[in-house]
Amino acid sequence: MVGWQSRNLPGVEYRQAQTAISAYFIKESRDFSLAYPTPVLGKPWSIPLEFPLYQWTAVAVSDVTGLGLTKAGRVVSLACFYLMLPALFLLLGRWRVAPGHRWLVLAVVVTCPLYVFYSRAFLIETMALMFAVWFWVAFERAVTARSLGWLAVAAVAGTGAGLVKVTTFMLYLLPVAGWAVGRLWRQRASAWRGDLAWVLGAVAVPFAATLGWLKYSDAVKALNPNAGFLGSAASLSFTLGAPATRFSAELWAMKGRIMATQLTWLPMLVACGVVALTLARTRLKELAWCLAVFGAALVVFPILYAYHEYYYLANTVMLMLAVGFVVVGLAESARPRWLLTLAMLLVIGGQAYAYFERFYPVQRGISAGGDGLTQALHLLTDPDEVVVVTGQDWNSMTPYYAQRRALMLRADAENNPAQVDAALAALAGEKMGALVLTGPVGSRGWLVERLVARGLEPQPLFYWRDAAVYLAAADHARNVRRLDELVFPEVRVAPGAGKFHEQPVNGWYQVRSLPRDQRATFDGMTPAPVRFFSSYGLTLERANGRLDFGVHPVTRLVFALPAGRHVLRTTVLFAEDAYRADLPEADATDGVEITLSAAGPGDTAQVLGSRLVDPRHRPQDRGRIPLLFEFTLPAAGEVELFIGPGPAGRTTRDWVMLGRLVID
C-alpha cells in the first residue's frame with residue numbers, strides 16, 4: 001500500500017500530530033481516562049477536544065496486532081471508511097436506487113482522491129463520518145418502522161458521531177432534520193405524535209452525551225492556564241462563524257480553491273453537470289438534495305471549511321453521491337449501455353488522475369518522520385523532560401516527533417510573562433529539557449532567564465532554521481559530544497558551544513577541505529561539487545536508502561565537468577508545511593528558482609537551463625518532482641547549480657530538498 005511504511009503524517013500533518021501525540025502518550029502511560037494526555041500546553045497535560053474513542057482504538061489495535069502506532073492509526077481510519085460503505089448502500093435505498101446500481105455509486109465514493117488519501121490518515125474524521133452516516137440510516141429506519149433495534153443503532157451511532165467530532169454530527173443532523181420535518185408535516189395528528197416520540201427517542205441519548213462531553217471537556221481544559229482559547233465558548237465564533245464570514249469573498253475564494261483542487265477532478269464534475277442536465281435528468285431532485293447538504297457545511301462552518309481541507313472528509317461523500325446519481329440516472333435511462341460505461345470510465349479515470357497528480361507524490365514518500373530539530377530533541381533530551389517551544393503556536397508536530405511533553409507558548413503567551421510564570425509554576429518538579437526559541441531573542445530575554453533558572457544553559461547550543469535551542473546545563477558535555485558525533489538535518493552548532501566541526505555557512509567552501517563527516521553530505525551527488533555556498537549550512541536526510549540534500553536559498557553548487565554533452569538529473573521536494581493552504585500568502589513559500597549556468601570568460605555566465613518550482617500556486621510542483629537539464633560544454637569547465645528565491649524575492653519557508661543528483 002502506497003506510503004504505508006512511512007512514519008510521517010502526510011496531509012495536514014499538524015492536525016494528525018495532535019491526534020497522534022494523544023494516542024502516543026495514552027499508550028506510553030496506559031492512561032485511558034477521559035482526561036487523556038495531550039501534552040503540548042503544559043500542565044495539566046490534558047486538554048480534551050474530541051472524546052478519545054479513535055485514540056483508544058488505535059492504541060488497542062497497536063497492542064493486539066503489534067503494529068506501530070502510526071500504522072495502527074491508519075488501519076483504524078481505513079476500517080472506519082469502509083465500514084461506512086454499507087450504511088451508504090442502505091441509504092441509497094431511501095431514494096429507491098436498485099441494489100445493482102448502488103455499487104456504481106459506491107465505486108464513485110471509494111475512488112474519490114480525497115478519501116483515497118485521507119482515509120489512511122491519523123485523523124478522527126472517517127470514524128466520525130462512519131458514525132454519522134449510520135446514524136442517518138438508523139434514524140430514518142427507526143422512525144419509519146418503529147424498530148427498537150434501529151433505535152438502538154441510532155442512539156449508539158449518533159452518540160459516537162457527537163462525541164468523536166461534533167461538527168460532523170451537526171452536519172448530518174441537517175438532512176435528518178429535513179427528513180423528519182417533512183415526514184411529520186405529512187402525518188395525521190395521531191401518527192404525528194407517535195413519530196415525534198421516536199424522533200426524540202433517537203436523538204435524546206446522542207444529544208445528552210454530546211452536551212455532557214462538551215461540559216466535561218471544558219471543565220478539564222479550564223484547569224490549564226494556556227488552554228483558554230480551546231473552550232467551547234471561546235472557539236464558538238471560529239467554529240460557527242458570523243454572518244459576515246458566511247458571505248466573505250475571501251473565504252469563499254479559499255473554499256473554491258480547495259473544492260477545485262483537493263476533492264476530485266474538476267473537469268469530471270463539470271462533465272457530470274452537463275450530463276445531469278441533458279442525459280440523466282430523472283435524478284436531478286436527489287442530486288440537488290445531495291449538493292445542498294454538501295454546500296450547507298460551507299455555510300454553517302464558513303471559517304473551518306475555508307482553512308482546513310480535511311474538514312471536507314465530512315461532506316465530500318455528499319458530493320460523490322451527487323456524482324453517483326448522474327451515473328444512476330444514466331443507468332436507469334434508455335440510453336445505450338456504452339454511454340454508462342463511458343461515464344464510469346470518466347468518473348473513475350478522472351478521479352484516479354486527480355489522485356496521482358495531487359496526492360500520490362506526497363503519499364508515496366517514505367520518511368522516518370520529523371526533521372532535524374525533532375531528531376536532535378529526541379536524542380539530546382531525556383524522555384521525562386519537558387520541552388518549551390515558542391513561535392510554533394500549539395502545532396503538535398515538534399513534541400510528537402520528538403516524543404516529548406511540551407509547553408508550547410502561543411504568541412499571546414510569549415508577550416505575557418504572568419501567564420508564562422503560571423505555566424512554569426505548574427511544572428514544578430518537572431525537569432526542563434530544552435527551550436526552542438523561534439526567531440530573534442529580542443524582548444524575550446526574560447523567557448530565557450526563567451528557563452535558565454530552571455536548569456537550562458544561558459546560551460543556545462545549536463540552531464535549526466531560525467530557531468535557537470537551549471539545552472540542560474547539566475548535560476552540556478554529553479550533548480556537545482553527541483552533536484560532534486551525529487549529523488541532524490539543518491542543525492548548526494552554536495559557535496563556542498564546544499568541540500565540533502563548524503557548519504560551513506554563508507561563505508564559499510571547497511568540498512575537499514571539509515572534515516570527512518561533512519564531505520559525506522555530498523554522497524548523493526555524482527560527481528561531488530568542487531565548491532559550494534550555502535546560506536544555512538549542510539543538510540542531509542537519509543531515509544530508506546534515499547538521500548535528500550537541503551538547498552534552502554541561497555545555495556550554489558559548482559561542478560567541474562569535461563567537455564561534451566551532459567545531462568543533470570535530480571528530484572526536487574518541498575516540505576508540505578511550506579505551502580499549506582491555511583498559511584497567509586506572506587507566510588508561505590513563493591517557490592524557488594533553480595538555474596544551471598556555465599562559467600564564461602571573466603565573471604560572465606551562460607544560462608543552460610532554469611526551472612521555477614512553486615508548490616503554493618502550481619499543484620504539479622507538489623511532492624517529489626523530477627528535474628532534468630541537458631547541455632553541452634564545448635570545453636572542460638565548471639557549471640553552477642543555483643537555488644534562489646522565487647518571484648517575490650522571499651526565502652520564507654523555502655524548505656526544499658534535492659534528491660540524488662547525477663550528471664552524466
Quiz prompt | In region 62-86, the residues that are more than 20 Å from Gly160 (Cβ to Cβ) and of a type in the set (S, T, N, Q) | solution = Ser62, Thr65, Thr70
Quiz item: Among the residues of region 330-339, is any of a type outside the set (Phe, Trp, Tyr), in contact with a His (Cβ under 6 Å, 6 or more places away or on another chain) and at pLDDT below 95?
Solution: yes
Quiz item: When you look at Met318, is it part of a helix (DSSP H, G or I) and crowded, with 20+ Cβ neighbours inside 10 Å, yes or no?
Solution: yes
Quiz item: Can you tell me which residues in region 614-632 are surrounded by 13 or more Cβ atoms within 10 Å (Cβ to Cβ), outside any strand (DSSP E or B) and touching a helix residue (DSSP H, G or I) at 6+ places or on another chain (Cβ under 9 Å)?
Solution: Asp614, Pro615, Arg616, Pro619, Arg622, Gly623
Quiz item: Within the set of pairs 6+ apart or on separate chains, which have a first residue in region 427-449 that is among the hydroxyl-bearing types (Ser, Thr, Tyr), a second that is part of a loop (DSSP other than H, G, I, E, B), and C-beta atoms under 9 Å apart?
Solution: Thr438/Gly391; Thr438/Gln392; Thr438/Arg465; Thr438/Asp466; Ser443/Asn415
Exercise. Run Gly349 past the list (1) surrounded by fewer than 18 Cβ atoms within 10 Å (Cβ to Cβ); (2) at pLDDT below 95 and report the number of the one that doesn't hold.
Key: (2)
Practice problem: Please work out which residue is farthest from Arg565 (Cα to Cα), limiting yourself to region 626-643 and to residues that are touching a Ser or Thr at 6+ places or on another chain (Cβ under 7 Å) and of a type outside the set (Phe, Trp, Tyr). | Solution: Ile643
Quiz prompt | The one condition in (1) within 30 Å of Ala331 (Cα to Cα); (2) in a helix (DSSP H, G or I); (3) touching a helix residue (DSSP H, G or I) at 6+ places or on another chain (Cβ under 8 Å) that Leu263 fails to fulfil | solution = (2)
Exercise. Would you be able to say whether some residue in region 556-575 is of a type outside the set (Phe, Trp, Tyr) and at pLDDT below 90?
Key: yes
Quiz item: Quick one: in region 82-118, which of the residues that are of a type in the set (Phe, Trp, Tyr) and surrounded by fewer than 20 Cβ atoms within 10 Å (Cβ to Cβ) is farthest from Gly3 (Cα to Cα)?
Solution: Trp95
Exercise. Give Lys27, Lys43 a once-over and let me know the one that is crowded, with 21+ Cβ neighbours inside 10 Å, of a type in the set (D, E, K, R), within 30 Å of Ala428 (Cβ to Cβ) and assigned by TED's automatic domain parsing to the domain that holds Thr126.
Key: Lys43
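Per-residue answers, yes or no, for (1) over 28 Å from the mean Cα position of the chain (by Cα); (2) touching a residue at least 12 places away in the same chain (Cβ under 8 Å):
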position	(1), (2)
Val203	yes, yes
Ser217	no, yes
Phe238	no, yes
Gly256	no, no
Quiz item: Can you name the number of the only condition in (1) modelled with pLDDT of 90 or more; (2) surrounded by 16 or more Cβ atoms within 10 Å (Cβ to Cβ) that Ala635 fails?
Solution: (2)
Quiz item: So is Asp590 closer than 30 Å to Gln375 by Cα, crowded, with 17+ Cβ neighbours inside 10 Å and not assigned by TED's automatic domain parsing to the domain that holds Tyr310 or not?
Solution: yes
Quiz item: Could you count how many residues in region 66-112 are closer than 30 Å to Tyr401 by Cα and of a type in the set (S, T, N, Q)?
Solution: 2
Self-check item: Residues of region 462-482 that turn out to be over 22 Å from Gly391 (Cβ atoms) and touching a Phe, Trp or Tyr at 6+ places or on another chain (Cβ under 8 Å), as a count
Solution: 1
Exercise. Report yes if Arg120 is in the same structural domain as Ala17 (by TED's automatic domain parsing), part of a helix (DSSP H, G or I) and among the charged types (D, E, K, R), otherwise no.
Key: no
Quiz item: Which residues, counting only those in region 5-42, are outside any helix (DSSP H, G or I), more than 16 Å from the chain's Cα centre (by Cα) and of a type in the set (A, V, I, L, M, F, W, C)?
Solution: Phe32, Leu34, Ala35, Val40, Leu41
Quiz item: What residue, of Glu309, Glu286, is surrounded by 15 or more Cβ atoms within 10 Å (Cβ to Cβ), over 22 Å from the mean Cα position of the chain (by Cα), of a type in the set (D, E, K, R) and closer than 27 Å to Phe135 by Cβ?
Solution: Glu286
Quiz item: Residues of region 119-153 being buried (at least 24 other Cβ atoms within 10 Å of the Cβ) and hydroxyl-bearing (Ser, Thr, Tyr), which ones?
Solution: Thr126
Quiz item: Which residues, counting only those in region 385-423, are over 22 Å from Gly370 (Cβ atoms), touching a strand residue (DSSP E or B) at 6+ places or on another chain (Cβ under 9 Å) and in contact (Cβ under 8 Å) with a residue 60 or more places away in the chain?
Solution: Ala413, Gln419, Ala423
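The values are calculated or read from the model by the stated rules, or taken from the named source; none is laboratory data. This structure is a prediction, so every number in the text was calculated from the model and none was measured. So basically every Cβ, Gly included, is an ideal-geometry build from the backbone, and we count neighbours across all protein chains shown.
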